[in-house]
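Asks: The structure's right below; bear with me while I get my questions together.
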Amino acid sequence: MPMNRRRRLRRTIKGPGPRTLAVGAALALVAAGAGGFAAYQNAVPGPQVRLTGGPLPVAIPIAPPAPKALQDELDALVRAYGEEVGVAVTDVSEGWTAGVDAESFYPQQSVSKLWVAIAVLKAADEGRLSVDQPVLLGEEDRSVFFQPVSYSIGPNGYRTEVSGLLRRAIVQSDNAANDRLIKEAGGPAAVGATLERLNLEGVSVGAYERDLQARVAGLTWRPEYGTGWNFQAAREQLPREVREAALEAYLDDPLDGAKPAAITRALARLHKGELLSPASTERLLGLLQDVRTGPRRLKGGLPPGWAIGHKTGTGQDYGGASVGINDVGLLTAPDGRTYAVAVMMRRTHKPVPQRLELMQAVTRTVTAHWARTRADGAVQAD
């Protein structure tokens, strides 16, 4: 087994700590007794426990099996694409999850902004901060790559509010806005602690955006990298072996890694109001619906009458390939049925049109599944 596969498997089993180990062991037992991987991938995490030497809990709720036709179609799409892709589709109402490599960790890139927003809104729900509180951005708040809010930072800084940073981070995917939100939430470790309290296993943030991107490139973040093209210039000066080693280390064990199925289960819980207050849930779902990035990814495959709220992720290019090309979101049918969908590409050499076509094909497959269920229901009613 290649080293990166072993490490990825180890992380999938280990996760962030003993909690995931306990649940992973229990799920493995259930899978062994209920048809193996098919049962495992549709397991819905139950209450989290720690291994203390006592009896292992066995009452873990299992979601209904995913529709076979849908699963077969997703398998065929990924097989035809010919590269490592993680796909997950969760029916929000029924709870089943179909997927391909859906329990492996993939780099999220800006998809992780979704978890930062949840952590910030949870803090607001608990009275630890307010979405209306003022924020003053200074030179130290500059980040990397796409960060339009930083252009407004003048000699006296730039005044905004937490709510404004949330909109910029989700709708525009502004890295500087996201980094400041992480700071307002207490830092990456505090964001991770909130995710753990919410039982959002299998998703992570890991670091400030600027630190993550520097690490992926083989650099250590410096404040001067936040201005102009200084980051790109420093990256270009690195020896090829440094760039390659840093990128391989990231892909082998992504600091911002998440499982596609964990993302869709979390989106389903968000949609059902299980993570945040009604007001915060409405706010975040509204921001996802306003997202401007990736109009030709998942959204490009939607037929008329459907709606989508989503978050994209786009990593760095190197060696003729792109890493962390993702789109995750909630697809809502004309009758209100909602599916959480994630398509994640670890590293793709395919040209952009083929990447977009795969994402759109997943969307079309989901909407076609809905149409079949509607037709079947009509026949049964007759």
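Asks: In the stretch 328-360, what count of residues is obtained for those that are closer than 26 Å to SER204 by Cβ, among the charged types (D, E, K, R) and without any contact (Cβ under 8 Å) to a residue 60 or more places away in the chain?
Replies: 1
Asks: Which members of the stretch 241-264 meet the condition of being assigned to a helix (DSSP H, G or I) and touching a Ser or Thr at 6+ places or on another chain (Cβ under 6 Å)?
Replies: Residues satisfying the conditions are ALA261, THR264.
Asks: I've got another one for you. Is it the case, given these coordinates, that VAL291 is assigned to a loop (DSSP other than H, G, I, E, B) and among the β-branched types (Val, Ile, Thr)? Step through it out loud before you land on a result.
Replies: Values: assigned to a loop (DSSP other than H, G, I, E, B): yes; among the β-branched types (Val, Ile, Thr): yes.
It is true that VAL291 is assigned to a loop (DSSP other than H, G, I, E, B) and among the β-branched types (Val, Ile, Thr).
Asks: Determine if the stretch 290-311 includes at least one residue that is touching a residue at least 12 places away in the same chain (Cβ under 8 Å), over 26 Å from PRO353 (Cβ atoms), of a type in the set (Val, Ile, Thr) and surrounded by fewer than 21 Cβ atoms within 10 Å (Cβ to Cβ).
Replies: Within the stretch 290-311, none of the residues are touching a residue at least 12 places away in the same chain (Cβ under 8 Å), over 26 Å from PRO353 (Cβ atoms), of a type in the set (Val, Ile, Thr) and surrounded by fewer than 21 Cβ atoms within 10 Å (Cβ to Cβ).
Asks: A follow-up question, please. Can you tell me which condition ARG180 does not meet? The list is (1) over 22 Å from the mean Cα position of the chain (by Cα); (2) closer than 29 Å to ALA249 by Cβ, and all the others hold.
Replies: All conditions are met except number (1).
Asks: Now, a different point. Condition test on VAL149, is it outside any loop (DSSP other than H, G, I, E, B) and either in contact (Cβ under 8 Å) with a residue 24 or more places away in the chain or basic (Lys, Arg) (or both)?
Replies: When the stated conditions are applied, VAL149 passes them.
Asks: Now for a separate question. When you go through ARG243, ARG180, ARG215 one by one, which is the residue that is buried (at least 16 other Cβ atoms within 10 Å of the Cβ) and in contact with a Gly (Cβ under 9 Å, 6 or more places away or on another chain)?
Replies: Only one candidate qualifies: ARG243.
Yes/no matrix, rows are residues, columns are (1) touching a Gly at 6+ places or on another chain (Cβ under 9 Å); (2) at pLDDT below 95; (3) of a type in the set (A, V, I, L, M, F, W, C):
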residue: ASP75; (1), (2), (3): no, no, no
residue: ALA80; (1), (2), (3): no, no, yes
residue: GLU84; (1), (2), (3): no, no, no
residue: GLU94; (1), (2), (3): no, no, no
residue: GLY99; (1), (2), (3): yes, no, no
residue: SER104; (1), (2), (3): yes, no, no
residue: LYS113; (1), (2), (3): yes, no, no
residue: ALA117; (1), (2), (3): no, no, yes
residue: ASP125; (1), (2), (3): no, no, no
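Asks: Name the single residue, out of those in the stretch 200-212 being part of a helix (DSSP H, G or I) and either crowded, with 20+ Cβ neighbours inside 10 Å or in contact (Cβ under 8 Å) with a residue 12 or more places away in the chain (or both), that is farthest from the chain's Cα centre (by Cα).
Replies: Applying the filter and picking the extreme gives ARG210.
Asks: Considering only the stretch 223-237, state which residues are surrounded by 11 or more Cβ atoms within 10 Å (Cβ to Cβ) and without any contact (Cβ under 8 Å) to a residue 40 or more places away in the chain.
Replies: Residues of the stretch 223-237 surrounded by 11 or more Cβ atoms within 10 Å (Cβ to Cβ): 223-227, 230-232, 234-235.
Hits for the stretch 223-237 are GLU224, ASN230, GLN232, ALA234, ARG235.
Asks: Output the residue which, of all residues in the stretch 327-347 that are of a type outside the set (A, V, I, L, M, F, W, C) and not in a loop (DSSP other than H, G, I, E, B), is surrounded by the most Cβ atoms within 10 Å (Cβ to Cβ).
Replies: This residue is ASP327.
Asks: In this structure, is SER143 buried (at least 19 other Cβ atoms within 10 Å of the Cβ), touching a helix residue (DSSP H, G or I) at 6+ places or on another chain (Cβ under 6 Å) and assigned to a loop (DSSP other than H, G, I, E, B)?
Replies: yes
Asks: What tally of residues in the stretch 265-277 results from selecting those that are assigned to a helix (DSSP H, G or I) and either within 14 Å of SER110 (Cα to Cα) or not basic (Lys, Arg) (or both)?
Replies: Number satisfying all stated conditions: 5.
Asks: Also, quick follow-up: Among the residues of the stretch 72-125, what is the count of those that are more than 23 Å from GLY294 (Cβ to Cβ) and either within 12 Å of the chain's Cα centre (by Cα) or surrounded by fewer than 20 Cβ atoms within 10 Å (Cβ to Cβ) (or both)?
Replies: 9
Asks: Then there's this: Taking the criterion of being small (Gly, Ala, Ser), touching a residue at least 24 places away in the same chain (Cβ under 8 Å) and touching a strand residue (DSSP E or B) at 6+ places or on another chain (Cβ under 6 Å), would at least one residue in the stretch 238-256 satisfy it?
Replies: Looking for residues that are small (Gly, Ala, Ser), touching a residue at least 24 places away in the same chain (Cβ under 8 Å) and touching a strand residue (DSSP E or B) at 6+ places or on another chain (Cβ under 6 Å), one finds none in the stretch 238-256, hence no.
Asks: Something else about it: From VAL92, VAL131, VAL120, grab the single residue that is within 23 Å of THR367 (Cα to Cα), among the β-branched types (Val, Ile, Thr) and in contact (Cβ under 8 Å) with a residue 40 or more places away in the chain.
Replies: Residue meeting the stated conditions: VAL92.
Asks: Taking the condition over 15 Å from GLU84 (Cα atoms), touching a residue at least 12 places away in the same chain (Cβ under 8 Å) and in contact with an Asp or Glu (Cβ under 9 Å, 6 or more places away or on another chain), does GLY319 pass?
Replies: yes
Asks: Same structure again: Do we have LYS350 as surrounded by fewer than 23 Cβ atoms within 10 Å (Cβ to Cβ) and either at pLDDT 95 or above or within 20 Å of ALA371 (Cα to Cα) (or both) here?
Replies: Taking the combined requirement at face value, the residue satisfies it.
The values are calculated or read from the model by the stated rules, or taken from the named source; none is laboratory data. On a predicted model such as this, the values are computed, not experimentally measured, just so you know. When we count neighbours, we look across all protein chains shown, and the Cβ atoms used for this are built from the backbone with ideal geometry, even at glycine.
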